[in-house]
Amino acid sequence: MTEIGEKKELPDVFIDPIDMSELDRGFRKEIQSMPNGEELSACFACSTCTSACPIANIWEIKPHQLIRMIILGIREKVLSSKEIWLCLTCFECQERCPQGVRVTDIFFDCKNLATEEGMIPASIVALGKELIEKGQLYTVTADWEREDLDLEPDVPGLSTDAVKRVLGSTRTGRLVKGGR
Amino acid sequence: MSTYSVYIGCSVPANYPNYEASMYKVAELFGLTLEYLEDVACCGSPNLRAMDYWGWTLVNARTLAIADSTEHDIVTPCNGCFGSLKDVYHLLKSDTDYRNRINAELEREGLEFRGTSKPRHFIEVLYTDVGLESIRKKITKPFDGIGIAIHYGCHLLRPGDVTEITPEILSELVRVTGADVVEYALWKQCCGATVLPVDEALAIRLARDKLKSMKDAGAAFATVVCPACCNQLDLQQLGLRESYGEQFDLPILFYPQILGLALGLDEDEVGLGMNRVPAKPILQHFSK
Ligand code: SF4
Ligand code: SF4
């Protein structure tokens, strides 16, 4: 941190200029065509979403900046950012946006696009693997606890086959099989 | 009285039979019939939504379609399941194209989403269908005004236009038992559960900040209505002694355990011995 009184050399430019040729103009439309993405263009960059976010202080790229980058078409940087995967999905940003931009939902859309391009944390793929192989995320390990409470020993009504069947034919199945 | 189709999820039955049992016992006292939905799939959690939106909507639409055939509303005790089911329900109700695509897939399983059966959280059924007055009349062992902090859980309250749940629902339900609701600064903040697989240290810090805020505000107990939140606040609390050198000793109870006790159920019936941070001190706080 800069000490008080210490002279600081100012850089020539504060922000690296955007290289227009690297922008993906279709990115905005791509997100807008995804579920809950329509309101994206209504963003007027007030940064209320960032103020509402409990962890934006530790993010290099803040929520309002991610939204602005989507609008401008800085696709690669958004989809490869670690921030979209650190999002708590707490919806505080979305709830406070005065323009009705569905910020958290849009970050979900970004994670889907990132996944499609293979940019997904291994720990999330591992959860997909659980779903494909076991058909559930949690399994009963202490059935005596259930029996003590007069509950049936296994998870009631759960069809593990249904999960395996449905997700086996969607992106989750492809991810787990092909590593992508 | 009314019958409901229960979507229990996998986390509650696997990790918190005390929540499941207390929910069933409380429902029975109010004459509600809870029937487990059969042949339903895991909701997949927000992590499935992140990697495979289409797959996530499809498994949850399938559950909603199965519930439609029972002609009862779906009730769940888990915020994660509730968030998934309610979000997909909202999407399919408002987006006809998407619904048609989903129904084309479901047809292969002989199912159709119609949206006649609404996904609801168990606490909202208590609040709306049973009602505070009926609950008040049945309270035989009210609490003595002991301070309870509420952790609502993100996917219970937000996005509000989808969940249609307001904080008053749970705070009124806590007050009706004779307990006092402790207000604390970080009441809205996330427990950290969703980020656990990606950044464990961050998830633990969020849980720790939450517990500290509750404790600083004078809470003697806290209540949750979600198994994932309970993992974070109850189970992780034990680990905080090592990682942060902090011991909060803040018992975390599922709401139906608190209500059940006030309705006269005994500690074993609500599975009080299974709570990780010992919760029995609450038995010292009946007003009579
Ligand atoms: S709160 Fe809404 S309008 Fe303001 S910067 Fe964030 S997304 Fe844009
Ligand atoms: S949903 Fe994500 S971006 Fe929005 S406030 Fe929560 S953590 Fe921040």
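Tell me, which helices (runs of 4 or more DSSP H) lie completely within the range B:213-284 with 3 or more residues that are farther than 16 Å from B:Tyr24 by Cα? Quick ask: steps written out before the conclusion?
On the way: elements: B:227-230, B:236-243, B:255-262.
Filter on the range B:213-284 gives B:227-230, B:236-243.
Could you tell me whether the range A:63-73 includes any residue that is of a type in the set (A, V, I, L, M), part of a loop (DSSP other than H, G, I, E, B) and open to solvent by less than 60 Å² (accessible area, probe 1.4 Å)?
The first filter runs over the range A:63-73 and keeps only residues of a type in the set (A, V, I, L, M), leaving A:66-67, A:69-72.
Cutting the leftovers down to part of a loop (DSSP other than H, G, I, E, B) gives us none.
No, there is no match, as no residue in the range A:63-73 is of a type in the set (A, V, I, L, M), part of a loop (DSSP other than H, G, I, E, B) and open to solvent by less than 60 Å² (accessible area, probe 1.4 Å).
Just to be sure I understand, how many residues within the range A:75-87 are of a type in the set (A, V, I, L, M, F, W, C) and more than 16 Å from ligand 1 (Cβ to nearest atom)? Steps first, answer last, please.
To start, the set of residues in the range A:75-87 that are of a type in the set (A, V, I, L, M, F, W, C) comprises A:78-79, A:84-87.
Next, only the ones that are more than 16 Å from ligand 1 (Cβ to nearest atom) stay: A:79, A:85-86.
The total comes to 3.
Of everything in the range A:33-62 that's in a helix (DSSP H, G or I) and within 14 Å of another protein chain (Cβ to nearest Cβ), which residue is nearest to ligand 1 (Cβ to nearest atom)? Let's see the steps before the verdict.
Here is the first cut: in the range A:33-62, the ones in a helix (DSSP H, G or I) are A:38-42, A:48-52, A:56-58.
After this cut, where a residue has to be within 14 Å of another protein chain (Cβ to nearest Cβ) as well, the list is A:38-39, A:49, A:51-52, A:56-58.
Values: A:Glu38: 13, A:Glu39: 9, A:Cys49: 3, A:Ser51: 8, A:Ala52: 8, A:Ala56: 11, A:Asn57: 16, A:Ile58: 18 Å.
Among residues in the range A:33-62 that are in a helix (DSSP H, G or I) and within 14 Å of another protein chain (Cβ to nearest Cβ), the one nearest to ligand 1 (Cβ to nearest atom) is A:Cys49.
With the structure loaded, tell me whether B:Pro227 is surrounded by 18 or more Cβ atoms within 10 Å (Cβ to Cβ), within 13 Å of chain A (Cβ to nearest Cβ), away from ligand 1 (no atom under 16 Å from the Cβ) and at pLDDT 95 or above or whether it fails that test. Can you show your working first?
Values: surrounded by 18 or more Cβ atoms within 10 Å (Cβ to Cβ): yes; within 13 Å of chain A (Cβ to nearest Cβ): yes; away from ligand 1 (no atom under 16 Å from the Cβ): yes; at pLDDT 95 or above: yes.
Criteria met by B:Pro227.
Those residues that are open to solvent by 10 Å² or more (accessible area, probe 1.4 Å) and part of a helix (DSSP H, G or I), I need them from the range B:32-48; list them, please.
B:Ser45, B:Pro46, B:Asn47 - these are the residues of the range B:32-48 that are open to solvent by 10 Å² or more (accessible area, probe 1.4 Å) and part of a helix (DSSP H, G or I).
Condition (residue is in contact with a helix residue (DSSP H, G or I) (Cβ under 9 Å, 6 or more places away or on another chain), under 20 Å from A:Met119 (Cβ atoms) and of a type in the set (Ser, Thr, Tyr)) applied to the range A:46-56: is it met by at least one residue?
no
Within the range B:21-48, restricting attention to residues that are touching a residue at least 40 places away in the same chain (Cβ under 8 Å) and touching a Pro at 6+ places or on another chain (Cβ under 6 Å), which residue is nearest to the other protein chains (Cβ to nearest Cβ)?
Looking at the filtered set, the residue picked out is B:Ser22.
Test B:Leu29 against the stated conditions and say whether it is in contact with a helix residue (DSSP H, G or I) (Cβ under 7 Å, 6 or more places away or on another chain), at pLDDT 95 or above and open to solvent by less than 10 Å² (accessible area, probe 1.4 Å). Step through it out loud before you land on a result.
Values: in contact with a helix residue (DSSP H, G or I) (Cβ under 7 Å, 6 or more places away or on another chain): yes; at pLDDT 95 or above: yes; open to solvent by less than 10 Å² (accessible area, probe 1.4 Å): no.
So B:Leu29 does not fit the description; no.
Identify the residue in the range B:174-201 that is facing another protein chain (nearest Cβ under 7 Å) and aliphatic (A, V, I, L, M) and, among all such residues, is surrounded by the most Cβ atoms within 10 Å (Cβ to Cβ).
B:Val195
Listed here are the residues, each with its yes/no results for (1) under 18 Å from the mean Cα position of the chain (by Cα); (2) of a type in the set (Lys, Arg); (3) more than 25 Å from A:Met119 (Cα to Cα).
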| residue | (1), (2), (3) |
| --- | --- |
| B:Ser171 | yes, no, yes |
| B:Arg175 | yes, yes, yes |
| B:Gly178 | no, no, yes |
| B:Val181 | yes, no, yes |
| B:Leu196 | no, no, no |
| B:Glu200 | no, no, no |
| B:Arg208 | no, yes, yes |
| B:Ser213 | no, no, yes |
| B:Ala217 | no, no, yes |
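Determine, yes or no, whether A:Asp154 is away from ligand 2 (no atom under 16 Å from the Cβ), surrounded by fewer than 20 Cβ atoms within 10 Å (Cβ to Cβ) and either part of a loop (DSSP other than H, G, I, E, B) or among the hydroxyl-bearing types (Ser, Thr, Tyr) (or both).
Numbers: away from ligand 2 (no atom under 16 Å from the Cβ): yes; surrounded by fewer than 20 Cβ atoms within 10 Å (Cβ to Cβ): yes; either part of a loop (DSSP other than H, G, I, E, B) or among the hydroxyl-bearing types (Ser, Thr, Tyr) (or both): yes.
So A:Asp154 passes the test.
Any residue at all in the range A:4-15 that is outside any helix (DSSP H, G or I) and either open to solvent by less than 30 Å² (accessible area, probe 1.4 Å) or closer than 30 Å to B:Tyr152 by Cα (or both)?
Residues of the range A:4-15 that are outside any helix (DSSP H, G or I), as a first pass: A:4-15.
Subsequent filtering for residues that are either open to solvent by less than 30 Å² (accessible area, probe 1.4 Å) or closer than 30 Å to B:Tyr152 by Cα (or both) retains none.
Scanning the range A:4-15, I find no residue that is outside any helix (DSSP H, G or I) and either open to solvent by less than 30 Å² (accessible area, probe 1.4 Å) or closer than 30 Å to B:Tyr152 by Cα (or both), so the answer is no.
Take the range A:84-134 and flag every residue that is within 7 Å of chain B (Cβ to nearest Cβ) and assigned to a loop (DSSP other than H, G, I, E, B). Working first, answer last.
Just the residues of the range A:84-134 that are within 7 Å of chain B (Cβ to nearest Cβ), to begin with: A:85-86, A:88-92, A:94-95, A:108, A:111-112, A:115, A:120-121, A:123-124, A:127-128, A:131.
Matches in the range A:84-134: A:Leu88, A:Thr89, A:Cys90, A:Phe91, A:Ile120, A:Pro121.
The values are calculated or read from the model by the stated rules, or taken from the named source; none is laboratory data. Given the structure is predicted, the values throughout are model-derived calculations rather than measurements. Here the Cβ is made from the backbone with ideal geometry for all residues, glycine too, and neighbour counts use every protein chain on show. Surface areas here come from the heavy atoms of the whole protein model, side chains and all, with no ligands, DNA or RNA. Shrake-Rupley method; radii C 1.70, N 1.55, O 1.52, S 1.80 Å.
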